[in-house]
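Enquirer: I am attaching a structure below and will ask some questions about it afterwards.
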Amino acid sequence: MSTPKDDAWLYTISSKHPLINLNLKEIWRYRDLLMLFVKRDIVTVYKQTILGPLWFVIQPLFTSVIFTLIFNNLGQIQTGSVPPFLFNLAGITAWNYFKECLTGTSGTFTRNQNIFGKVYFPRVIMPMSITISNLLKFGIQLSIFLCFYAYYAFQGTSLGFNSHLFLIPVYILMMALLGLGLGMIISSMTTKYRDLSVLVGFGVQLLMYVSAVPYPVSEAKLKFPEWVVPFVEYNPLTQIIEGFRYMLLNIGSFSWAGFLYTLLISFVFFTLGLIIFNKTEKSFIDTI
């Protein structure tokens, strides 16, 4: 018995698809798998560790203490009326979400080559699951920040949220898009150039210091050489960190031009990362 030629397949798996193709319909079809990966990312990170999820709390607190001792006490970095510890904790909370998204997605192809070579599912689900699972860690660290915020406010420190607080979800989206976009680019490049994975950790540390995480932009303009200031000021991550502090602590600067510039850059990097990722997934299994 022959099958009519005009019979349509229910699903068609093909390497021929547009480069800019997030394919939300297919991702929705695999939403259970996406949630499974999200759960896996959350559970396995600190599985068989002594402190478990407490590391979500310990890491930003210890980093904030070290930054306060080195940059504020020793380096005399001024944070205005905001306590240096709270200033540093706000910046680290925002930075950690971007960093975890970037480092987590930058090894997508190399870490998952076995499963990618055996079964089909939308490959972009893997980096997306990392970005979504890191929202839990970000939420925990933001809650810790709010607890210290309430403590300092109870002690009489003059603190107040800014009227632009409603933009917080947009800033979180920009961090996710930047981390996801850059991560997909690096992940695609490491299929051919493995030594790039070694440079990610080192490069992320350098990027932190030119993203105004341990200092305000105003201090950078005063103390950095003139040729360094533009690298800090026009860094989209600087705009995010500075805006994050501006909304939560009402300190620093904010401009709609800088906000729109950062939003545009975030979408550009995400789109570029998606193009490169989709192109690489067609043939990476032959080169990895």
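Enquirer: Of all residues being aromatic (F, W, Y) and surrounded by fewer than 24 Cβ atoms within 10 Å (Cβ to Cβ) in the range 59-96, which is farthest from I140 (Cα to Cα)? Just the residue, please. Outline the logic, then answer.
Expert: Here is the first cut: in the range 59-96, the ones aromatic (F, W, Y) are 62, 67, 71, 85, 87, 95.
With surrounded by fewer than 24 Cβ atoms within 10 Å (Cβ to Cβ) added as a condition, the list becomes 62, 67, 71, 85.
Working: F62: 15, F67: 20, F71: 25, F85: 18 Å.
Out of the qualifying residues, it is F71.
Enquirer: In the range 245-265, how many residues are among the aliphatic types (A, V, I, L, M) and touching a Lys or Arg at 6+ places or on another chain (Cβ under 9 Å)?
Expert: 1
Enquirer: Looking only at the range 71-89, how many residues end up being in a helix (DSSP H, G or I) and over 25 Å from the mean Cα position of the chain (by Cα)? Steps first, please.
Expert: Pass one, the range 71-89, residues in a helix (DSSP H, G or I): 71-74, 84-89.
From what's left, over 25 Å from the mean Cα position of the chain (by Cα): 72-74.
Here the count works out to 3.
Enquirer: Sticking with this one: Out of (1) touching a Pro at 6+ places or on another chain (Cβ under 7 Å); (2) farther than 13 Å from T103 by Cα, the odd one out for P230 is which?
Expert: (1)
Enquirer: If you check L167, L222, L180, L173, which single one turns out to be surrounded by 13 or more Cβ atoms within 10 Å (Cβ to Cβ) and more than 15 Å from L102 (Cα to Cα)?
Expert: L167
Enquirer: Something else now. When you scan the range 103-115, do you find a residue that is under 28 Å from S64 (Cα atoms) and not small (G, A, S), even just one?
Expert: Yes: one or more hits.
Enquirer: With the condition kept exactly as written, say whether any residue in the range 210-218 is surrounded by fewer than 21 Cβ atoms within 10 Å (Cβ to Cβ), among the aliphatic types (A, V, I, L, M) and under 30 Å from V124 (Cα atoms).
Expert: Yes, that holds for at least one residue.
Enquirer: Do the conditions hold for Y215, that is, is it of a type in the set (F, W, Y) and closer than 26 Å to T131 by Cβ?
Expert: So Y215 fails the test.
Enquirer: Separate question: Which residue is nearest to P236 (Cα to Cα), if the candidates are limited to the range 90-124 and must be over 18 Å from the mean Cα position of the chain (by Cα) and in a loop (DSSP other than H, G, I, E, B)?
Expert: In this case the residue turns out to be R123.
Enquirer: Can you work out which of the residues in the range 140-160 that are farther than 20 Å from W95 by Cβ and of a type in the set (A, V, I, L, M, F, W, C) is surrounded by the fewest Cβ atoms within 10 Å (Cβ to Cβ)?
Expert: Going residue by residue through the range 140-160, those that are farther than 20 Å from W95 by Cβ are 150-160.
Adding the requirement that they be of a type in the set (A, V, I, L, M, F, W, C) leaves 150, 153-154, 159.
Working: A150: 11, A153: 13, F154: 8, L159: 18.
The residue in question is F154.
Enquirer: How about the range 103-121: which of its residues are surrounded by fewer than 24 Cβ atoms within 10 Å (Cβ to Cβ) and touching a residue at least 12 places away in the same chain (Cβ under 8 Å)? Talk me through it step by step, then tell me what you get.
Expert: Applying the first criterion (surrounded by fewer than 24 Cβ atoms within 10 Å (Cβ to Cβ)) to the range 103-121 yields 103-104, 107, 110-121.
T103, G104, G107, T110, N112, Q113, F116, G117, Y120, F121 - these are the residues of the range 103-121 that are surrounded by fewer than 24 Cβ atoms within 10 Å (Cβ to Cβ) and touching a residue at least 12 places away in the same chain (Cβ under 8 Å).
Enquirer: A follow-up question, please. May I ask you to say which residue of K5, K25, K16 is over 22 Å from Q205 (Cβ atoms), modelled with pLDDT under 85 and part of a helix (DSSP H, G or I)?
Expert: Within the list K5, K25, K16, the selection yields K25.
Enquirer: May I pose another question? Failed condition for M128, given (1) crowded, with 23+ Cβ neighbours inside 10 Å; (2) under 17 Å from L182 (Cα atoms), with all others met?
Expert: (1)
Enquirer: State yes or no: is N134 assigned to a helix (DSSP H, G or I) and in contact with an Asp or Glu (Cβ under 7 Å, 6 or more places away or on another chain)?
Expert: Details: assigned to a helix (DSSP H, G or I): yes; in contact with an Asp or Glu (Cβ under 7 Å, 6 or more places away or on another chain): yes.
So N134 fits the description; yes.
Enquirer: Are there any helices (runs of 4 or more DSSP H) wholly within the range 166-266 with 2 or more residues that are without any contact (Cβ under 8 Å) to a residue 24 or more places away in the chain and either farther than 30 Å from T110 by Cα or under 15 Å from the mean Cα position of the chain (by Cα) (or both), and if so which?
Expert: Per the criteria, 196-209, 217-223, 229-233.
Enquirer: When the range 191-220 is examined, which residues are found to be of a type in the set (D, E, K, R) and closer than 24 Å to I66 by Cβ? Don't jump to the end; show me each part of the working.
Expert: Filtering the range 191-220 down to residues of a type in the set (D, E, K, R) leaves 192, 194-195, 219.
If the condition is that a residue be of a type in the set (D, E, K, R) and closer than 24 Å to I66 by Cβ, then E219 is the only one that fits.
Enquirer: Which condition number does L199 fail, the rest of (1) touching a Ser or Thr at 6+ places or on another chain (Cβ under 9 Å); (2) at pLDDT below 90; (3) of a type outside the set (D, E) being met?
Expert: So L199 meets the others, but not (1).
The values are calculated or read from the model by the stated rules, or taken from the named source; none is laboratory data. As the structure is a prediction and not an experimental result, all values here were calculated from the model. No Cβ is skipped: glycine too gets one built from the backbone with ideal geometry, and neighbour counts run over all protein chains shown.
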